[in-house]
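Please treat every number below as a calculation from the coordinates, not as lab data. Keep in mind that what you see is a predicted model, and the values were worked out from it rather than measured. In this analysis, Cβ positions are derived from the backbone assuming ideal geometry, glycine residues included, and neighbour counts consider all displayed protein chains.
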Amino acid sequence: MLDQYLPIILMLVAGVSVAAGIIILSDIFGPKSKNQAKDEPYECGIRTEGLKPGRYSVRFFIVALLFLLFDVEVAFLFPWAVIVKKLALLGLIEVGFFIVILFIGLLYVWFKGGLQLE
């Protein structure tokens, strides 16, 4: 039974090893120039002047999460589009129902004001 999982385990070990090796090698051989300007947020080698950027509004994050939510749900349409001929009319009805549910969710968010950044 372990023979079935051996390629997966080897690939996982290889991936973790490569990632860890790259991090360790870049830490050993990478440049090590530290100064106060490089330790500041949004580091570009130039000191920031004036006020630092304030906090983002919570609405910004709500819009971002809604975008991810609808984007991921629409991504579920891709597998359906690949086998649409096999699913025939029942598949079309199911996907139509799925899109209607997405549209109702979008309308709900829209009327609640979740898409406004103000």
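Between Leu89 and Val63, what is 0.36 nm times their sequence separation minus the Cα-Cα distance? Round to one decimal in nm.
5.9 nm
For Val109, what charge total do you get from the other residues with a beta carbon under 14 Å from its beta carbon, if Lys and Arg give +1 and Asp and Glu give -1? Intermediate values should be presented prior to the final figure.
Details: positive: Arg59, Lys112; negative: Asp71, Glu73.
Once all neighbours under 14 Å are counted, the net charge is 0.
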